[in-house]
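These notes are about the structure you will find just below.
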Amino acid sequence: MSDDELLNYVQSAASLLALPLDEARARRVAAHLARTAALAQLLDDAPLAPGDELAEIYRPAPFVTPPQGICPP
């Protein structure tokens with residue numbers, strides 16, 4: 001996306017959300033968005049092997065009520 005396209009995107013999004021952005025602030029937001037997109041592209045381009053990926057998120061087993069007589073009520 002070019003700088004002008006990014007600025008137009010920021011201004012359009014701000015208008016749709018009724019956010020008051022003057023020209024200077026819109027340009028700063030567009031600059032931050034461009035930097036974030038560049039960082040995301042660097043991460044996306046990084047060569048990763050399957051072993052580099054994070055393990056599955058830990059999910060504890062569901063709570064099971066113990067049979068009667070094991071724990072007092």
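The values are calculated or read from the model by the stated rules, or taken from the named source; none is laboratory data. Note that the structure is a prediction, hence the values are computed from the model and not measured. Glycine also receives a Cβ, built like all others from the backbone with ideal geometry; neighbour counts cover every protein chain displayed. These accessible areas exclude ligands, DNA and RNA; they are computed on the full protein's heavy atoms, side chains included. Shrake-Rupley method; radii C 1.70, N 1.55, O 1.52, S 1.80 Å.
Quick notes on this one:
- Filtered residues of the stretch 1-45 (kept if surrounded by fewer than 14 Cβ atoms within 10 Å (Cβ to Cβ), in a helix (DSSP H, G or I) and aliphatic (A, V, I, L, M)): Leu16, Ala24, Ala37, Ala38, Leu39, Ala40, Leu42, Leu43
- Residues within the stretch 46-67 that are open to solvent by 100 Å² or more (accessible area, probe 1.4 Å) and at pLDDT below 75, tallied: 0
- For Ala14: the one exception among (1) at pLDDT below 95; (2) touching a Leu at 6+ places or on another chain (Cβ under 9 Å): (1)
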